[in-house]
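Asker: The structure under discussion is supplied below as structure tokens; questions concerning it will follow.
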Amino acid sequence: MTERMERPWALMRHHAGWADVFHIETESHDSITGFYPDRETVGPPVSYSVRAVLARFPTLEAARAAREGAVAEWRNHDAAVRDAEAQLREAEKAREDAWLKCLRDAAER
């Protein structure tokens, strides 16, 4: 058994800040095939490029624990992201106001 198949549980990117647990049933040098144990099985197993794997684990429990730890780490940055977004909105508003002022000043000349 290869090291990769000794770690058949993977975390796959679902969206920013969240990864889904995936069980790898088969793999080749460039693809993996398996299923999501936390989803209702509908249809055949799914295949992805091996590049879609964020991390691999030996057990389902280890994959779930890593996912939860990563979510907590993601949330540690929420306040800084909110602050940065507020600063961005302020900068965009200042840019919009300056643009409008420039246009209006030009129209008055």
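Coordinate-derived values only; no laboratory data. Given the structure is predicted, the values throughout are model-derived calculations rather than measurements. Neighbour counts run over all protein chains shown; Cβ positions are idealised from the backbone, glycine included.
Asker: Answer yes or no: is there a residue in the stretch 64-83 that is free of Cβ contacts under 8 Å to residues at least 12 places away in the same chain, assigned to a helix (DSSP H, G or I) and touching a strand residue (DSSP E or B) at 6+ places or on another chain (Cβ under 9 Å).
Answerer: Yes, some residue in the stretch 64-83 is free of Cβ contacts under 8 Å to residues at least 12 places away in the same chain, assigned to a helix (DSSP H, G or I) and touching a strand residue (DSSP E or B) at 6+ places or on another chain (Cβ under 9 Å).
Asker: Could you grab me the full set of residues in the stretch 1-44 that are outside any strand (DSSP E or B), more than 17 Å from residue 55 (Cβ to Cβ) and among the polar types (S, T, N, Q)?
Answerer: Within the stretch 1-44, 28, 41 qualify.
Asker: Considering each residue of the stretch 1-60, count those that are touching a His at 6+ places or on another chain (Cβ under 8 Å) and exposed (fewer than 12 other Cβ atoms within 10 Å of the Cβ), and give that number.
Answerer: 0
Asker: Something else now. Scan the stretch 45-63 for residues that are small (Gly, Ala, Ser) and part of a strand (DSSP E or B) and report the count.
Answerer: Of the residues in the stretch 45-63, 3 are small (Gly, Ala, Ser) and part of a strand (DSSP E or B).
Asker: Evaluate the stretch 87-107: report whether one residue or more is closer than 30 Å to residue 36 by Cβ and of a type in the set (A, V, I, L, M).
Answerer: Within the stretch 87-107, the first condition is being closer than 30 Å to residue 36 by Cβ, and the residues that meet it are none.
Checked against the condition, which is being closer than 30 Å to residue 36 by Cβ and of a type in the set (A, V, I, L, M), the stretch 87-107 yields no hits at all.
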